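Only the coordinates and a few stated rules stand behind these numbers; no lab work does. On a predicted model such as this, the values are computed, not experimentally measured, just so you know. A quick note on method: Cβ atoms are made from the backbone with ideal geometry, for glycine too, and the neighbour counts reach across all protein chains shown.
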Amino acid sequence: MKMLTVENLSKSYGEKPLFDGLSFSIAEGHRAGIIGVNGTGKSTLLKIIAGVEIPDTGDMTHTRGYTISYLSQQPDFDEDLTVLEQVFHGDTPLIRLLREYEEALLHIEKDPSNEKVQERLFAVQQRMDAMSAWEANANAKSLLTKLGITDFTATVGNLSGGQKKRIAMAQCFIETPDLLILDEPTNHLDHETVEWLEEYLARYTGAVLLVTHDRYFLDRVTNRIFELDNGKLYSYEGNYSTFLEAKALREEQEIAQESKRQNLYRRELAWIRRGAKARSTKQKARIQRFDELKGQEGPAAKQSVDIALSGSRLGKKVLELKDVTKKFGDKTVLHNFNHIVKPGDRIGIIGANGSGKSSLLNMLAGKLSPDSGEVEVGQTVKIAYYTQENEEMNLNQRMIEYIKEIAEVIHTTDGKVIGASQMLERFLFPPHSHGTPLGKLSGGERRRLYLLRILMGEPNVLLLDEPTNDLDTQTLTVLEDYLEDFPGVVLTVSHDRYFLDKVVDELFIFTGEGEVREFLGSYTDYLEMEKTRELIEKAEVQKEKKVVEEAPKQQRKRKLSYNEQREWETIEDTIAGLEEKLESIGEELANVGSDFTKAQELSEAQQQTEEELEKTMERWSELSDIVEGLK
């Protein structure tokens, strides 16, 4: 079995230790997710294993010929290359040969009668045969197509961030390495591509090591979790849900063990204070045990991030959009959009990249003006806007100063006052770090600090643009809990299914060309409704399909049997009944609310009905062929 083993790995940046003495192994079939608070070194650990960074100490060993592919958060691209050239931009013998083959094809297209060009293509084709490279070339194009990239000659520099991420993914997967290392692979991907990636990784025969904030993705892909916590690594078998249960049990055991240690320490301290003298061997041993207990450290205190903060009072009028239209050049992102945002609304905004989601938030925040129409803001509204990009920071400024610029204290829902230092602790910044200059923080730590800064202003309307992209799972859980109790209004752009399901109960769906659909319900409800709609449309297309080729006249036509004739007479009614049942279940799902038991029952019924409809449609197609004389 192919395996990579890591032993005693350590890494520090200046005086800041990230981790120390990490040891673990990953073998074929392992799909491991690394989780931990931002700044604990998750991405650094991936880079070390990928060979991009060097550890301070430690060793890595693996079986002979072991191959690794690494997908970074910010892949490097040559903007002048075509899509296929970028995919074949690696430096392995196979990739070099594939690149040479694509170049030979381009030359033969430009000068097909040139004998030297023909000879070069023939020579490359022979080497392709020898290395069995044809399959890899076809796989590259197949991968790109499945990832939504069909123009293989497009220039990389003209593509969007999401398209570039897909190209980097194809480049990473092309050689099916022994170990896939993926850093935030779902960023910038739409729901369909994320689903494809889940299925691809679930079938992957090698090993996978990844970092992601997408908890649904973690749950569906991983079969083990590595947690980085206070410089140490804890390993758990199972997916993210199993990890949460196991971690809770571990922390309970640590607390119980620490309680026993404290009780024993108190008893020994009382004995020492009574004037114990080390005359006998037993007394000497007891004094030695006391010294050991005194020197032991208990488990690191788990910093609380309870942020049930109050917001400013919000009146009846919040936000109103009246016939809002916005264009960028010839592209319309909003056309005559009308909506009244009410107190307590929780709205998720979804749609393709570049469809206008962030533009809507910018107009609500007053950072962008509509071309026509009005955006009205209530007098009591106090907006906080968490954008995809950090505001400009003074990197020499200290954390505590950065927070106190907004407020020295903040008020909780129960009337208490919390100081800036306490809030930093609740956001996982320990007291000794409060004087740290912003320039020494990791990207994720800056995002967490930026989130705290906007909440310190005690807003009553929160605009969040992709808040899950750079926050760790622990901070996300805290943010979700805070938003559940937040008394104001939330409008959030997000592609994170888990986050949307927990936070919003209404959706704006940007469908393109300025159209925005509204949907009441959770994101999962919406996806199930769309899945049902697509299945029904597919069934309708199959029912309406006309056979354009007649069977040869000399071919003897098979006729329906008596039982088949009876089945044929009723099968379309059966299909119609199943379609109506699916629609009814979809409507019930959309209105089920927080009754999770009922939602589970409906989801199971929906799946069974979909399977039954698909089988019935296949049977209808068979009988239809007989009736049309094709069998």
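Computed from phi, the 3J(HN,Hα) profile of segment 401-407 under the Karplus parametrisation 6.51, -1.76, 1.60 (θ = phi - 60°) reads 5, 4, 6, 5, 4, 8, 6 Hz, with x in place of Gly and Pro.
A dipole drawn for the chain from +1 and -1 charges on Cβ atoms has a positive end, and of Leu589, His339, Thr222 the residue lying farthest that way is Thr222. In order along segment 457-470, the Karplus-derived 3J(HN,Hα) couplings, from 6.51 cos²θ - 1.76 cosθ + 1.60 at θ = phi - 60°, round to x, 6, x, 10, 10, 10, 10, 10, 9, 6, x, 8, 4, 10 Hz, and Gly and Pro are given as x. As a rough footprinting exposure proxy, the listed residues Val461, Val52 were ranked by other beta carbons within 10 Å of their own, and the order from fewest upward is Val52, Val461.
If R0 equals 41 Å, the separation of the Cβ atoms of Thr67 and Glu458 corresponds to a calculated FRET efficiency of about 0.20.
Within segment 58-85, which residues have the backbone N less than 18 Å from the label spot 7 Å out from Lys141 along Cα→beta-carbon, could you tell me? Output list for this probe position: 82-85. Work from the charge dipole of segment 39-113 (Cβ charges, +1 for Lys and Arg, -1 for Asp and Glu, about the Cα centre) and give the residue of Ile108, Tyr66, Gly90 farthest towards its positive end. Farthest towards the positive pole: Tyr66. Going by neighbour counts of Cβ atoms within 10 Å, the residues Ser442, Ser259 line up, fewest first, as Ser259, Ser442.
When the chain is fully extended, how far beyond the present Cα-Cα distance does Glu374 get from Thr511, taking 0.36 nm per residue of separation?
47.2 nm
In this rough spin-label picture, where each label sits 7 Å from Cα along the Cβ direction, the Glu601-Glu115 distance is 8.2 nm. Annotation: amide H of Leu18 within the under-5 Å range of Lys11, Ser12, Tyr13, sequence separation 5 or more or interchain, hydrogens built in the peptide plane. Note on percent of Cα pairs over 43 Å apart: of the candidates (i) 44; (ii) 33; (iii) 39, the value calculated from this structure sits at (iii). Of the residues Leu180, Asn8, Gly373, the one whose Cα sits farthest towards the positive end of the charge dipole of the chain is Asn8 (charges of +1 on Lys and Arg Cβ, -1 on Asp and Glu Cβ, taken about the Cα centre).
Which entries of Lys331/Lys538; Lys247/Lys404; Lys357/Lys382; Lys164/Lys538; Lys342/Lys367; Lys47/Lys502 have Cα-Cα distances beyond 27 Å here? Display every interim value, and only then the final one.
Working: Lys331/Lys538 31 Å; Lys247/Lys404 35 Å; Lys357/Lys382 21 Å; Lys164/Lys538 31 Å; Lys342/Lys367 21 Å; Lys47/Lys502 32 Å.
Over 27 Å apart, Cα to Cα: Lys331/Lys538; Lys247/Lys404; Lys164/Lys538; Lys47/Lys502.
Computed extension gain for Glu405 through Ser132, at 0.36 nm per residue and net of the alpha carbon distance, reaches 92.0 nm.
Take the Cα of Phe328, step 7 Å along the line toward its Cβ, and report every residue of segment 126-157 whose backbone nitrogen sits under 20 Å from that point. Inside the label zone: 155-157. The shape of segment 77-154 can be summarised by an equivalent ellipsoid whose semi-axes, obtained from the alpha carbon gyration tensor, come to 21, 16, 12 Å from longest to shortest.
Mean sequence separation of contacting Cα pairs (under 8 Å, at least six apart), scaled by the length of the chain, corresponds to a relative contact order of 13 percent. Charge dipole (Cα centre; +1 on Lys/Arg Cβ, -1 on Asp/Glu Cβ; no other charges) of the chain amounts to roughly 3340 debye. Near Gln126: Cβ cut-off under 14 Å, other residues only, Lys/Arg at +1 and Asp/Glu at -1. The net charge is -1. Using 19 Å as the cut-off for backbone N distance, which residues of segment 383-398 belong to the label zone defined by a point 7 Å from the Cα of Glu320 along Cα→Cβ? Residues 383 qualify, since their backbone N sits under 19 Å from the label point. Each residue, Thr176 and His191, gets one label point 7 Å from its Cα in the Cβ direction; the gap between the two is 3.1 nm. Its DSSP H runs of at least 4 residues, each contributing -39,500 (n - 2.57), put the calculated 222 nm mean residue ellipticity of the chain at -14500 deg cm²/dmol, to the nearest 500. Going from the fewest other Cβ atoms within 10 Å to the most, the residues Ile34, Ile68 appear in the order Ile68, Ile34. Dipole check for segment 483-538: with +1 at the C-beta of Lys and Arg, -1 at the C-beta of Asp and Glu, and the Cα centre as origin, the magnitude is about 160 Debye. Computed from backbone phi with θ = phi - 60° and the Karplus coefficients 6.51, -1.76 and 1.60, the 3J(HN,Hα) list for segment 214-230 is 7, 6, 4, 4, 4, 5, 8, 9, 7, 10, 7, 10, 10, 9, 8, 9, 6 Hz; x is used for glycine and proline.
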